[in-house]
Amino acid sequence: MDIVDYDFLNAAFDTLSDNICIINASGDIVYVNASWIQFGCDNELVLERSHWIGVNYLDACHDAPQEDLVSKRIIEGIEQMLAGKVEYFECEYPCHSPEEKLWFIVSLKRMYFAKRCYLVISHHNITRRKLAEDEVKRLANTDFLTGALTRAAFDRHANSVWDQICHLSKKFCIAMLDVDDFKSINDNYGHIFGDDCLRHIGVVIKSILPASNEIVFARYGGEEFILYTTRPFSETRLLVEQIRQRLSSAVIDSEQVDDIPELSVSIGLVELKPCDYDNLNQAIDLADHFLYQAKKQGKNCVISVDCKTLSASQ
Ligand SMILES: Nc1nc2c(ncn2[C@@H]2O[C@H](COP(=O)(O)OP(=O)(O)OP(=O)(O)O)[C@@H](O)[C@H]2O)c(=O)[nH]1
């Protein structure tokens with residue numbers, strides 16, 4: 001019969017890709033596997049196996065910077081597990097380096113040996129799963145035709161920032177943009193060409209908007225787009241005017257038609273103070289109202305109103 005001893009089990013644990021350590025009831029490390037040692041080396045903690053033994057895991061977590069909430073959660077998890085208050089603990093956390101993004105899940109399991117309690121701590125690399133989840137989220141939030149955010153993603157984002165901008169009483173701008181006479185483009189040149197136009201509009205607008213987490217651009221429905229931003233009104237007005245001009249001089253790349261029709265958009269832009277509205281929908285309605293005015297004024301134009309003018313007119 002094969003002999004299974006400490007060295008045998010050690011060799012087996014060293015084959016595992018998870019970083020595993022075992023701590024005793026005081027938090028002292030009593031065992032680490034090869035992946036744990038390698039992870040330490042990769043993170044400039046060049047310790048041999050024997051040097052890890054006796055290091056206090058809880059002290060190491062306590063030494064983490066104040067803002068490191070993951071370490072705090074792990075300490076709580078370890079304390080609850082050792083006190084027998086919970087049966088199982090796990091928590092996902094990012095561990096990014098300047099070179100690469102990494103995510104791990106740490107799980108704790110209680111183990112008894114010779115009437116003593118130990119915790120098996122295992123850090124499992126979940127980077128591939130996280131990247132795949134992020135990609136699925138990105139695809140679900142992106143309108144496949146225009147590359148803009150979907151309406152649902154916009155609503156989620158808008159609701160999540162609404163409380164924040166109300167709290168900060170920060171002014172914001174909403175622009176509603178609608179393609180002019182799009183029905184006749186579809187009717188005269190076909191829906192596939194219509195789709196090419198929408199695709200082109202998405203590319204042009206995205207190329208004009210600066211990358212900023214203060215700007216959200218989404219396809220609101222059909223041939224209507226929305227721009228939400230906390231950037232200053234003067235800057236936003238220039239941006240939407242630039243969008244209008246670039247689209248009206250755009251040459252659409254299409255295999256569908258030779259005689260490419262002219263494209264234009266009408267835009268309603270408003271600057272608002274959140275305290276004057278109960279929710280973002282009221283603000284959107286107002287921008288829609290000015291979009292309608294732009295259509296009435298002959299299309300291919302921007303009607304923009306700042307919050308001073310707006311409150312003077314109300
Ligand atoms: N090709 C294509 N057409 C779409 C899409 N979504 C909406 N439309 C079309 O957009 C057109 C919108 O027409 P209307 O609402 O009458 O507006 P319009 O012709 O642009 O007129 P104005 O808004 O007054 O300038 C309809 O013909 C819709 O079928 C799409 O994803 N692809």
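Some observations on this one:
- First in region 173-191 and touching a residue at least 60 places away in the same chain (Cβ under 8 Å) and within 19 Å of Ala250 (Cα to Cα), second anywhere and within 8 Å of the ligand (Cβ to nearest atom) and of a type in the set (D, E, K, R), Cβ under 8 Å, 6 or more apart: Asp178/Glu223; Asp178/Lys295; Val179/Glu223; Asp180/Lys295; Asp180/Lys299; Asp181/Lys299
- Looking only at residues in region 200-255 that are of a type in the set (Ser, Thr, Tyr) and within 16 Å of the ligand (Cβ to nearest atom), the one that is farthest from Cys166 (Cα to Cα) is Ser254.
- Flag for Arg199 being farther than 23 Å from Val305 by Cα and in the same structural domain as Ala283 (by TED's automatic domain parsing): yes
- Restricting attention to region 180-189, the residues being in a helix (DSSP H, G or I) and either near the ligand (Cβ under 8 Å from one of its atoms) or modelled with pLDDT of 95 or more (or both) number 6.
- Test: residue in region 152-170 that is within 22 Å of Gly40 (Cβ to Cβ) and under 23 Å from the mean Cα position of the chain (by Cα): no
- Only a single criterion out of (1) part of a helix (DSSP H, G or I); (2) within 16 Å of the ligand (Cβ to nearest atom); (3) not hydroxyl-bearing (Ser, Thr, Tyr) is not satisfied by Leu177, namely (1).
- Some residue of region 78-97 being in a strand (DSSP E or B) and closer than 30 Å to Lys206 by Cα: yes
- Test: Gly147 is outside any strand (DSSP E or B) and under 20 Å from Gln245 (Cα atoms): no
- Yes/no for Ser212 being outside any loop (DSSP other than H, G, I, E, B) and surrounded by fewer than 13 Cβ atoms within 10 Å (Cβ to Cβ): no
- One residue from Ile260, Ile252 being under 32 Å from the mean Cα position of the chain (by Cα) and either exposed (fewer than 13 other Cβ atoms within 10 Å of the Cβ) or without any contact (Cβ under 8 Å) to a residue 60 or more places away in the chain (or both): Ile252
- Residue in region 190-199 that is within 16 Å of the ligand (Cβ to nearest atom), within 27 Å of Ile260 (Cα to Cα), part of a loop (DSSP other than H, G, I, E, B) and among the acidic types (Asp, Glu) present: no
- In region 79-107, the residues that are in the same structural domain as Tyr57 (by TED's automatic domain parsing) reach residues that are small (Gly, Ala, Ser) with C-beta atoms within less than 6 angstrom, at least six apart or across chains, in these pairs: Leu82/Ala25; Phe89/Gly77; Glu90/Ser107; Ser107/Ser122.
- The residues of region 295-312 that are touching a residue at least 60 places away in the same chain (Cβ under 8 Å) and among the aliphatic types (A, V, I, L, M) amount to a single one, Val302.
- For Phe290: the one exception among (1) in contact with a strand residue (DSSP E or B) (Cβ under 6 Å, 6 or more places away or on another chain); (2) part of a loop (DSSP other than H, G, I, E, B): (2)
The values are calculated or read from the model by the stated rules, or taken from the named source; none is laboratory data. Treat the numbers as computed from the prediction; the structure is a model and nothing was measured. Here Cβ is always computed from backbone atoms with ideal geometry, including for glycine, and neighbour counts include all displayed protein chains.
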